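What follows is one structure encoded as structure tokens, with my remarks underneath.
Derivation of every value follows stated rules applied to the coordinates shown; laboratory data play no part. Not measured: the values here are computed from a predicted model. Cβ placement follows ideal geometry from the backbone for every residue including glycine, while neighbour counts extend to all protein chains displayed.
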Amino acid sequence: MNKIGASHIDWAVSMGIFLVYILLMIVFLKPGITPIYEPESLMILIEDQFFDDTQWVVKETQLGIRKCGPIVPPTEGRECNIHININNEWEFKKVNEVEDFEPRILNTDDIIGIKGGIICGIQSNLFIDKTMKLIYYPSDPHDQKNPENMWIDVTSENNPPTACEASGLGGTIEYEGLNKNLVNDLVSKTYVDLKSDWDFPENKDFKIEVISEAGNADNIGSKSEPAAEINVFVKEISTVYLNQDSTREPVVIRIGIW
């Protein structure tokens, strides 16, 4: 009886070792097992990565002018200047005209860096209580740091010291949209690099089309089309290209995953 009991124990131990070995094989080797990815999760991944890599902001701030005197003498090309200072690497693109007030950027190449001047009057009359819109954007669209501590000071050139007075900076509007240069960076990137950068599964494919109102499309991702029998998960998103001067161009983003 003791021998029969011992043989049963040996059998149970052997079977236990065998089962543990099989489980270890399944856990560590995973023969024939392929991860399953839900199309909804992959769509969120691609959408988030695309917009993170291509969106930027353009800002618009009101500048109040309490008084701006005429050019003295009238033949001179310059008058009292309002200097706008801005930290970080942002650029002033333009100043919007308001009613009959015609402010101009001081130099024709726009204002680059931390300081810019604006000619606040170009006619012989006196401007009182007018506003202008300062439009500015990051010099490097990859760097979205906020401009800090924007401030103004007023200097007079060819004018009495009291000829030009600024009432201060008003509220700021922030516009968000796609940057064409950032989109072009993705267009020129290889599909292999995009998959690696975005942690997209190697056994799945995606394609992004940026379609303009005229129907022209920039393609990002896979250069080949899926086979006819493959199901493609598609999503379309309406957005805009945002230009440096805050103007916008409607586009449609079409994302396909298979």
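Count charges around residue 207 for me, please; just the other residues with Cβ under 15 Å from its Cβ, Lys/Arg as +1, Asp/Glu as -1.
0
Calculate one ³J(HN,Hα) per residue across region 228-236 by plugging θ = phi - 60° into the Karplus curve 6.51 cos²θ - 1.76 cosθ + 1.60, and present them in order as whole Hz with x for glycine and proline.
For region 228-236, the Karplus curve yields 4, 7, 8, 6, 10, 8, 10, 9, 10 Hz.
Residue by residue, what Karplus-based ³J(HN,Hα) values in Hz, rounded to whole numbers, does region 13-20 have, using 6.51, -1.76 and 1.60 with θ = phi - 60° and x for Gly and Pro?
For region 13-20, the Karplus curve yields 5, 4, 5, x, 4, 4, 5, 4 Hz.
For the pairs 189/235; 93/189; 59/223; 67/180; 133/235; 59/204, note any where the Cα-Cα span goes beyond 31 Å.
59/223; 67/180; 133/235; 59/204
Can you list the HN-Hα couplings for region 244-258, worked out from phi with the Karplus curve (6.51, -1.76, 1.60; θ = phi - 60°), rounded to whole Hz and with x for Gly and Pro?
So the Karplus estimates, Gly and Pro as x, are 4, 8, 6, 6, 10, 10, x, 9, 10, 9, 10, 10, x, 10, 8 Hz.
Using modelled backbone amide H atoms (1.01 Å from N, in-plane), which distant-in-sequence or interchain residues come within less than 5 Å of residue 90's amide H?
Result for residue 90 returns 113, 139.
What ranking of 23, 42, 242 emerges when the number of other C-beta atoms within 10 Å of each C-beta is taken as an exposure proxy, fewest first?
Placing the least packed residue first, the sequence is 23, 42, 242.
Name the residues whose placed amide hydrogens come within less than 5 Å of the amide hydrogen of residue 222, ignoring near sequence neighbours (fewer than 5 apart) on the same chain.
206, 207, 208
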